[in-house]
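S.K.: One structure, pasted below without further comment.
What follows draws every value from the coordinates through simple rules; no lab data is involved. Bear in mind the structure is a predicted one, so any value in this text is a computation, not a measurement. For neighbour counting, all protein chains shown are included, and Cβ atoms are generated from backbone atoms with ideal geometry for every residue, glycine included.
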Amino acid sequence: MKFRRLFALAVAGIMTMSFTACGNNSQSADSDTFKIGGIGPLTGDAANYGNSVKNGCQVAVDEINAAGGANGKKLELLFEDDVNDAEKSVNAYNTLMDQGVQAIVGSVTSSPCIAVAAESEKDGILQITPSGSAKECTAGSNAFRICFTDPLQGEVMAKYIKDKGINKIAMIYDVSNDYSKGIHDAFAAKFTELGGQLVDDESFSKGDIDFKTQLTKVKTSGAEALFLPIYYTEASLILQQANTMGYAPQFFGCDGMDGILQVENFDVKLAEGLMLLTPFAADATDDLTVNFVKSYEEAYGETPIQFAADAYDAVYIIKAAMEEANVTPDMSASDICDAMEGVMTQIKVDGLPGSNMSWTEDGEPEKDPKAVQVVDGAYKAME
């Protein structure tokens, strides 16, 4: 356990004498079951992400329980809605802690995840975010992630687009969103470093739905392509409005774009050719992906996206760490965290987004980046 968490725990102990303030010393009410908490947006504009994460977690929990559990003990998933709001995410976290969870999967989006990470570090509970990509999401030694950081995504996409022979790029990003800003800044710096030109750089804020002004500027900028480091809801509106204007550039996105094909009333033909950085492709032919997609589609009637895949892996990673650390459900959440934190840099997991995944002491995953393209209304893995 790193010094910063020891210090945080010491401060927390001085500031409160209540035994109910956090889960540090609490024990599970059921010594035969590990309680896994999940946090994400089940309602609101980012609901596709949160429901995908919840469903992916549940598929993994069901599989693990059917195979005998973790260390012979069952897993139980408890999931709370945070509506993609930082304050509500902390409230959801507190609700889960009151219910005695012993590890957290979430939060799903970056700003809520940062808020929850500050609390989980103080309380001493292991947190694995499937998709919180801001660097601050894993600031504590108890926090790990499945996805790449925003800066890394931005740098990888800059190199990927430049390697495609594109020298002039335009960008539309969400200035009010940590995820979007993080990718935007890293992309702009790297693309320029590689000799490319950012010929137009447009922004918007949360709640905006009219992008005609930004698109008009981009259309006349001389850009060879348009990069959208944003979430799928706004991206679907931009693609629709670009089509209305008769503007059809090559679109690029990152993992936040995943989910655009499931947007209600969105014509998926408008996304044809869209390229995005995402480590999961449902059409992959390896046994792990085929079996996961089959189970997910049977349970939920739709094809899983990356967020579901990352969440599925997060639960299996928790299982692997539980078994490596030989923890039991009757241990306190903080003791479980200490034991699992100590083995997270030792385990390797063959997951859906990458085989032989491992983690650094900073909570970052080590795996190869991948990309997909929308072809005939579905994601296709790119070489």
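S.K.: Would you order VAL175, VAL218 from fewest to most other beta-carbon atoms within 10 Å of each residue's own beta-carbon?
M.R.: VAL175, VAL218
S.K.: Same structure again: So for the pair SER355, GLU264, with labels modelled 7 Å out along Cα→Cβ, what separation do we get in nm?
M.R.: 4.1
S.K.: Helix-only mean residue ellipticity at 222 nm, the chain, DSSP H runs n ≥ 4 weighted -39,500 (n - 2.57), per residue, nearest 500. What is it?
M.R.: For the chain, the value works out to -13000 deg cm²/dmol.
S.K.: Further question on the same structure: Give the percent of DSSP beta bridges with both residues in the chain that are antiparallel, rounded to the nearest 5.
M.R.: Roughly 25 percent of the DSSP beta bridges within the chain come out antiparallel.
S.K.: What is the ratio of the Cα radius of gyration of region 265-367 to 2.2 N^0.38 Å, where N is its residue count, to two decimals?
M.R.: Taking the Cα Rg and dividing by 2.2 N^0.38 Å, one obtains 1.31.
S.K.: Under 17 Å from the 7 Å Cα→Cβ point of SER295, by amide nitrogen: which residues of region 340-372?
M.R.: Backbone N within reach: 349-355.
S.K.: Does anyone have the angle between helix 306-325 and the longest principal axis of the chain? Alpha-carbon axes, 0 to 90°, nearest 10?
M.R.: Helix 306-325 sits roughly 30 degrees off the main axis of the chain.
S.K.: Exposure proxy check: THR33, THR192, THR278 ranked by fewest other beta carbons within 10 Å?
M.R.: Ascending number of Cβ neighbours within 10 Å: THR192, THR33, THR278.
S.K.: Bin width 5 Å, origin at 0, all Cα-Cα pairs of region 301-342: what percent of pairs per bin?
M.R.: 5, 22, 23, 17, 12, 10, 8, 4
S.K.: Taking the dipole about the Cα centre of region 153-195, with the C-beta of Lys and Arg at +1 and of Asp and Glu at -1, give me whichever of PHE187, ASN167, GLY154 is farthest to the positive side.
M.R.: So the residue furthest toward the plus end is ASN167.
S.K.: Multiply the residue separation of ALA189 and THR285 by 0.36 nm, subtract the distance between their alpha-carbon atoms, and state the gained length in nm to one decimal.
M.R.: The span from ALA189 to THR285 would gain 30.9 nm if fully extended.
S.K.: Explain nothing, just compute: Karplus ³J(HN,Hα) = 6.51 cos²θ - 1.76 cosθ + 1.60, θ = phi - 60°, for every residue of region 81-93 in order, whole Hz, x for Gly and Pro.
M.R.: Coupling constants for region 81-93: 7, 10, 6, 6, 10, 4, 5, 5, 5, 5, 4, 4, 4 Hz.
S.K.: Gaussian network model of the chain, Cα springs within a sub-10 Å range: biggest mean-square fluctuation belongs to which of GLY165, GLY56, GLY37?
M.R.: GLY165
S.K.: Now a separate question. Net charge near ASP82, counting Lys/Arg +1 and Asp/Glu -1 over other residues with Cβ under 14 Å of its Cβ?
M.R.: -4
S.K.: Toward the positive end of the charge dipole of the chain, about the Cα centre and with charges on Cβ (Lys, Arg +1; Asp, Glu -1), which of GLY140, GLY44, ALA60 goes farthest?
M.R.: Of the candidates, GLY140 comes out farthest on the positive side.
S.K.: As I understand it, the dipole of the chain uses +1 on the Cβ of Lys and Arg and -1 on the Cβ of Asp and Glu, about the Cα centre. Which of ASN91, ALA248, LEU288 lies farthest toward its positive end?
M.R.: Positive-most Cα among the choices belongs to ALA248.
S.K.: About the Cα centre of region 200-355, how large is the charge dipole given +1 on each Lys and Arg Cβ and -1 on each Asp and Glu Cβ? Please answer in debye to the nearest 20.
M.R.: 600
S.K.: Please give the FRET efficiency for THR43 paired with ASN167, using the beta carbon to beta carbon distance and R0 = 51 Å, rounded to the nearest 0.05.
M.R.: Computed FRET efficiency for THR43 and ASN167: 0.75.
S.K.: Mind checking the full-extension length gain between ASP62 and THR345? Use 0.36 nm per residue of separation minus the Cα-Cα distance, one decimal, nm.
M.R.: Fully extending the segment from ASP62 to THR345 adds 99.3 nm.
S.K.: By what distance, in whole Å, do the Cα atoms of region 151-278 stretch along each of the three principal axes, largest value first?
M.R.: The Cα atoms of region 151-278 stretch 39, 28, 25 Å along their principal axes.
S.K.: Still on this structure, I have one more. What FRET efficiency, computed as 1/(1 + (r/R0)^6) with R0 = 56 Å and r the Cβ-Cβ distance, is obtained for THR220 and SER31, rounded to the nearest 0.05?
M.R.: Plugging the Cβ-Cβ distance into 1/(1 + (r/R0)^6) gives 0.25.
S.K.: So what are the radius of gyration and Dmax for the Cα set of region 29-95, in Å?
M.R.: That works out to 13.3, 39 Å for Rg and Dmax.
S.K.: Given +1 on the Cβ of Lys and Arg, -1 on the Cβ of Asp and Glu, and no further charges, what dipole in debye does the chain carry about its Cα centre, rounded to the nearest 20?
M.R.: Around 680 debye, computed over the chain.
S.K.: OK, next. Relative contact order of region 151-278: what whole-number percent is it, with Cα pairs under 8 angstrom and at least 6 residues apart?
M.R.: Value for region 151-278: 25 percent.
S.K.: Oh, and also: Where nothing but the Cβ of Lys and Arg (+1) and of Asp and Glu (-1) is charged, how large is the charge dipole of region 311-383 around its Cα centre, in debye to the nearest 20?
M.R.: With Lys and Arg at +1 and Asp and Glu at -1, about 360 debye.
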